[in-house]
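Before I ask anything, here is the structure I am working with.
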Amino acid sequence: MLLKDSHLKWLKSNYQILPFTMNYRLNLSIFFTLIGFSLLAQNEVTINGYIKDARNGETLIGATCLIVDLNVGATSNEYGFYSVTVPPGTYDIEFSYLGFQTIQKRFDLQTDQKFDIELSEEAAKLEEVVITAEQEDRNVTEVEMSTNKLDVATIKKMPTLLGEVEIIRSLQLLPGVSTVGEGASGFNVRGGSIDQNLVLLDEAPVFNSSHLFGFFSVFNPDAVKDVKLYKGGIPSRFGGRLSSILDVRMKEGNNKNLTLNGGIGFIFSRLSIEAPIVKNKSSFIVAARRSYIDILAKPFLDESTSDSGLNFYDLTLKTNYNISEKDRLFLSGYLGRDNFVFGEQAGFNWGNATGTLRWNHLFSEKLFSNLTFYYSDYDYSINFGDEVNNKFDWNASVVNYSLKPEFNLFLNPQNLIRFGAQAIAYKFEPGNAVGVSEGETNDFSLDNQYAIESSLFIENEQDLSDNIKVNYGLRWSHFNYTGKGFAKTFGESEPGERREIVSQEYFDQWESIQTYNNFEPRFSIKYQLSPSSSVKASYNRMSQYIQLISNTTASTPVDVWTPATNNIKPQLADQIALGYFKNLSDNTYEFSFETYYKKMQNIVDYINAADLILNPYIEGDLLEGDGRAYGLELLLKKNKGNFTGWMSYTLARSERKINGINNNEWYPSRFDQTHNFSFTGFYELSKRWSLSSTFTVISGTPITFPTSRIEQQGYVIPHNGNVDRNNVRIPVYHRLDIGATLKGKQKPGKKWYGEWVFSIYNVYNRRNPFAIYFRPEESRPSPINPTTTEAIKLSVIGNFIPSVSYNFKFN
């Protein structure tokens, strides 16, 4: 089957893709030829269907269908769908998922069959689930490496801050994942900045994943079904960021019974409702959270501050409908916002909004498709003053729309082919700012920016032999920076100095200003050393066309997102990884060792005294250079018994080299942490009481200290005479958290279940430094006593924080 010119025209018009070369034409012809051959196979039969949870009808991701007689099988995809093709015959087929009862049935497969199955939980195994709810040996038998999957049930066992379960903070207990400190938004992966992580909620990107400046994430645990982090060996179906992909999947909603979940804490509460709309055919879930510290504090505020507010809220919802055996629709959405209001004089708020519409369609027994359309909007606003003649208002946003068709071709038990395309339209509003002073209006607004990102991808997961399994693929990405607006041209300057604008040209709406194309090959391989051990290796190239402009210690909600332009090149990264994986004592213990090296290009940094706030010529203050990150990661887990948990250790470096900074030599990035050790433990004390603890020790992050000072009329001006960047490290970070859970009594037929959760965050009152700055001492200088300066250590949390919360479930 060849791709006709009419097909090419259709693709161009729908995905804004530049004209294909002969290579694209040939690749697409191969895709459809493979499909044609699979559909024409005469001497094979296929069994397919969905694997679900018998309790609530939720599909199970990563469940296994095994043809016992042939020792071949398949794993269910992100929608619970599986497909296995074998010669006609009679077979024993086993369906399994860790923590669930294994079911084995005998099938006489003479023709294609569709078989949906529901698995029931095993209560004894549920206590053993720690990090993942997949087949026990998946970590050594699958080709996938540099990934972590956290089970929500495990996350809920961890000690909490102020009683709230936290997904992002839980990820930071895994190797290769870190943060620059308490109160920092987002997370860092393998030496990358926070904007190098693509955070997806039901496939829609979330540009700020934090509430309350990083203390809580935007994900309501009662609405989350699956959490998976890709740090390396990233499949070609993902792209757009250099360091990681965090793929968060929402629950579909209980399609059998009404279920209520919730929690009540000191400063906020949450509630979720899920129920069938049409039993076993359609369901929904609605989950909401709100903090109320501002409500509790209101009686203690005086008249001048009585109108102040400090709160956040979020609303998550999803519904689905089975149209037919071959078609299923999903609609999901998220709305969240943080509000800081200081009386009538000032206010500050930010939030995310996403919406995702997905259509699953089964073209044949082997070909599964999903078409996704999403909308994502991140915005913030700041206002000062309550008088008409004296005020300042500033708002900004980044909005994007995307269409993504993706296909899963279960060619045979040895080959799973995924292919598809994606188009994303961006609108950046970097700043709409208007100030009024004594009735005079000044407009400081910046021009909007527009861009279109397109991609094609294909990958194949293939068993080459009993011991060798590979995943290889290719992604082609295209970025078009467009009007309407002015494209600026900057002149040359000395390294590290501001570049001045020399000209600018106006472009109409969607008129191309600058385009970029990148091929992104991906490859992973696994060699099975024994039934319980394997070695794996991977390589991936990633391209990133949008980035966060921020020169603060940690990102803030008012940092600006900007696309690649005629002055800012897209970031590129090449990463290789090698690992050894071993299971011990009948899968009671898991051990993994990984080492990686990542080389990055076109990394952005800033000139000294860069002006990033409402600067129309901000590109003149940006510098580009290279980055590198390398390290090793160790993980030891215990999955069974009354005591379970894991220990992780990361030894790593993250460095930058940019012409004009640090004498053009390599320097550590702001999020470089040499050592990172964490321990997470759970102990089942009795049927009702369980204990948990986490302990973390992390090397201090780099910071720039002055090397000299200038004194003028009693004032001291810090000065870095050597122009060193990040030349000192703040002290070591360490913290202990503990928790205990008292479960309610469970009786047959009882529908209400509750539990009390007690936690202490920062048990021994450690005042971990977030930053260090200098200031003159308060005493006035004199000729005899010159001005002296003192170093001030800023700690976000300086005391232990106890909390009590009550969680409940009605089913």
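The values are calculated or read from the model by the stated rules, or taken from the named source; none is laboratory data. Being a predicted model, the structure only gives us computed values, none of them experimental. Because the Cβ atoms are built from the backbone with ideal geometry, glycine has one as well, and the counts that use them run over all protein chains shown. The protein model used for the area step is the full one, side chains on, heavy atoms only, and it has no ligands, DNA or RNA in it. Shrake-Rupley method; radii C 1.70, N 1.55, O 1.52, S 1.80 Å.
Please go through the stretch 349-378 and pick out each residue that is touching a Pro at 6+ places or on another chain (Cβ under 9 Å) and open to solvent by 40 Å² or more (accessible area, probe 1.4 Å).
Listed by number, the list holds a single entry, 371.
Yes or no, residue by residue, for (1) open to solvent by less than 40 Å² (accessible area, probe 1.4 Å); (2) within 28 Å of residue 794 (Cβ to Cβ):
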| site | (1), (2) |
| --- | --- |
| 698 | yes, yes |
| 702 | yes, yes |
| 720 | yes, yes |
| 725 | no, yes |
| 728 | no, yes |
| 731 | no, yes |
| 743 | yes, no |
| 747 | no, no |
| 750 | no, no |
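Can you confirm whether residue 105 is open to solvent by 30 Å² or more (accessible area, probe 1.4 Å), within 21 Å of residue 408 (Cβ to Cβ) and either without any contact (Cβ under 8 Å) to a residue 12 or more places away in the chain or part of a strand (DSSP E or B) (or both)? Quick ask: steps written out before the conclusion?
Numbers: open to solvent by 30 Å² or more (accessible area, probe 1.4 Å): yes; within 21 Å of residue 408 (Cβ to Cβ): no; either without any contact (Cβ under 8 Å) to a residue 12 or more places away in the chain or part of a strand (DSSP E or B) (or both): yes.
No.
Out of the stretch 631-641, which residues are in contact (Cβ under 8 Å) with a residue 60 or more places away in the chain and of a type outside the set (D, E, K, R)?
631, 634, 635, 639, 641
List the strands (runs of 3 or more DSSP E) that sit entirely inside the stretch 389-490 and contain at least 2 residues that are at pLDDT below 95 and in the same structural domain as residue 618 (by TED's automatic domain parsing).
Output list reads 390-412, 415-437, 440-443, 485-490.
Out of 288, 297, which single residue is among the hydrophobic types (A, V, I, L, M, F, W, C) and modelled with pLDDT of 95 or more?
288
Can you find a residue in the stretch 379-392 that is of a type outside the set (A, V, I, L, M, F, W, C), within 22 Å of the chain's Cα centre (by Cα) and within 30 Å of residue 212 (Cα to Cα)? Reasoning before the result, please.
Restricting attention to the stretch 379-392, the residues satisfying the condition of being of a type outside the set (A, V, I, L, M, F, W, C) are 379-381, 383, 385-387, 389-391.
Keeping just the survivors that are within 22 Å of the chain's Cα centre (by Cα) gives 379-380.
So of that shortlist, the ones also within 30 Å of residue 212 (Cα to Cα) come out as 379-380.
Yes, the conditions are met somewhere in the stretch 379-392.
Quick one: how many residues across the stretch 207-257 are assigned to a helix (DSSP H, G or I) and either of a type in the set (Asp, Glu) or over 30 Å from residue 57 (Cα atoms) (or both)?
Looking only at that region, the number is 4.
For the stretch 777-811, enumerate the residues that are more than 30 Å from residue 742 (Cβ to Cβ), among the β-branched types (Val, Ile, Thr) and either assigned to a strand (DSSP E or B) or modelled with pLDDT of 90 or more (or both).
789, 792
Further question on the same structure: Taking into account only those residues within the stretch 714-746 that are more than 29 Å from residue 761 (Cβ to Cβ) and small (Gly, Ala, Ser), which is modelled with the lowest pLDDT?
714
Right, something else. Working only within the stretch 83-102, note down all residues that are touching a residue at least 40 places away in the same chain (Cβ under 8 Å) and not small (Gly, Ala, Ser).
84, 85, 86, 87, 88, 93, 95, 97, 100 - these are the residues of the stretch 83-102 that are touching a residue at least 40 places away in the same chain (Cβ under 8 Å) and not small (Gly, Ala, Ser).
Give me the residue from the stretch 764-776 that is assigned to a loop (DSSP other than H, G, I, E, B) and open to solvent by less than 80 Å² (accessible area, probe 1.4 Å) and, out of that set, modelled with the lowest pLDDT.
Only one residue tops the list, namely 770.
Can you pull out the strands (runs of 3 or more DSSP E) entirely within the stretch 495-551 that have at least 3 residues that are open to solvent by less than 50 Å² (accessible area, probe 1.4 Å)?
In the stretch 495-551, 512-530, 533-544, 546-549 are the strands (runs of 3 or more DSSP E) which contain 3 or more residues that are open to solvent by less than 50 Å² (accessible area, probe 1.4 Å).
Taking the condition of being of a type in the set (Lys, Arg) and under 26 Å from the mean Cα position of the chain (by Cα), how many residues in the stretch 352-377 meet it?
Residues of the stretch 352-377 that are of a type in the set (Lys, Arg), as a first pass: 358, 366.
With the extra rule that they be under 26 Å from the mean Cα position of the chain (by Cα), the set shrinks to 358.
Number satisfying all stated conditions: 1.
Now for a separate question. Looking at the stretch 381-388, can you tell me whether even one residue there is among the hydrophobic types (A, V, I, L, M, F, W, C), more than 28 Å from residue 428 (Cα to Cα), part of a strand (DSSP E or B) and in contact (Cβ under 8 Å) with a residue 40 or more places away in the chain?
So far as the stretch 381-388 goes, no, none of its residues is among the hydrophobic types (A, V, I, L, M, F, W, C), more than 28 Å from residue 428 (Cα to Cα), part of a strand (DSSP E or B) and in contact (Cβ under 8 Å) with a residue 40 or more places away in the chain.
Moving on. I'm told residue 279 meets every condition in (1) on the phi > 0 side of the Ramachandran plot; (2) out of contact with any strand residue (DSSP E or B) (no Cβ under 8 Å at 6 or more places or on another chain) except one. Can you identify the failing condition by its number?
All conditions pass for residue 279, except number (1).
Given the conditions (1) buried (at least 22 other Cβ atoms within 10 Å of the Cβ); (2) closer than 21 Å to residue 735 by Cβ; (3) out of contact with any helix residue (DSSP H, G or I) (no Cβ under 6 Å at 6 or more places or on another chain), report the number of the one that residue 202 does not fulfil.
(2)
Name the residues in the stretch 108-124 that are more than 35 Å from the chain's Cα centre (by Cα) and part of a strand (DSSP E or B), would you?
Keep residues of the stretch 108-124 that are more than 35 Å from the chain's Cα centre (by Cα), which gives 108-113.
Within the stretch 108-124, 108, 109, 113 meet the criteria.
For residue 626, all conditions in the list (1) assigned to a strand (DSSP E or B); (2) among the charged types (D, E, K, R); (3) open to solvent by less than 20 Å² (accessible area, probe 1.4 Å) hold save one; what is the number of the exception?
Status for residue 626: all satisfied but (3).
Report every pair of residues separated by at least 6 positions or lying on different chains whose Cβ atoms are under 7 Å apart, first residue within the stretch 324-343 and under 17 Å from residue 312 (Cα atoms) and touching a residue at least 24 places away in the same chain (Cβ under 8 Å), second assigned to a strand (DSSP E or B) and hydroxyl-bearing (Ser, Thr, Tyr).
334/316; 334/354; 336/313; 337/313
From 272, 243, grab the single residue that is over 30 Å from residue 469 (Cα atoms) and in contact with a helix residue (DSSP H, G or I) (Cβ under 7 Å, 6 or more places away or on another chain).
From the options 272, 243, the qualifying one is 272.
Taking residue 610 and the conditions (1) modelled with pLDDT under 95; (2) open to solvent by 70 Å² or more (accessible area, probe 1.4 Å), which numbered condition does it fall short on, given that it satisfies the others?
If we test residue 610 against (1) modelled with pLDDT under 95; (2) open to solvent by 70 Å² or more (accessible area, probe 1.4 Å), just (2) comes out false.
Looking only at residues in the stretch 646-685 that are touching a residue at least 60 places away in the same chain (Cβ under 8 Å) and assigned to a loop (DSSP other than H, G, I, E, B), which one is farthest from residue 498 (Cα to Cα)?
So the residue we want is 673.
Run down 688, 709 and say which single residue is farther than 22 Å from residue 180 by Cα, touching a residue at least 60 places away in the same chain (Cβ under 8 Å) and open to solvent by 50 Å² or more (accessible area, probe 1.4 Å). Reasoning before the result, please.
On the way: 688 fails: touching a residue at least 60 places away in the same chain (Cβ under 8 Å).
Just one listed residue meets the conditions, 709.
So which residues in the stretch 108-125 are open to solvent by 60 Å² or more (accessible area, probe 1.4 Å), within 20 Å of residue 138 (Cα to Cα) and hydrophobic (A, V, I, L, M, F, W, C)?
Hits for the stretch 108-125: nothing passes.
List, please: which pairs have Cβ atoms under 9 Å, are six or more places apart or on different chains, and start with a residue in the stretch 129-156 that is under 16 Å from residue 171 (Cβ atoms) and end with one that is among the aromatic types (Phe, Trp, Tyr) and at pLDDT 90 or above?
Cβ pairs passing all conditions: 130/646; 130/682; 131/646; 146/230; 146/596; 147/230; 148/230; 154/682.
Would you pick out the residues in the stretch 42-63 that are open to solvent by 20 Å² or more (accessible area, probe 1.4 Å) and assigned to a strand (DSSP E or B)?
50, 52, listed by residue number.
Restricting attention to the stretch 125-159, and to residues there that are of a type outside the set (A, V, I, L, M) and outside any loop (DSSP other than H, G, I, E, B), which single residue is modelled with the lowest pLDDT?
Residues of the stretch 125-159 of a type outside the set (A, V, I, L, M): 125, 127-128, 132, 134-139, 141-142, 144, 146-149, 151, 154, 156-157, 159.
Those still in the list that are outside any loop (DSSP other than H, G, I, E, B) too: 125, 138-139, 141, 147-149, 154.
Values: 125: 45, 138: 84, 139: 88, 141: 92, 147: 94, 148: 92, 149: 88, 154: 87.
Checking each candidate, the answer is 125.
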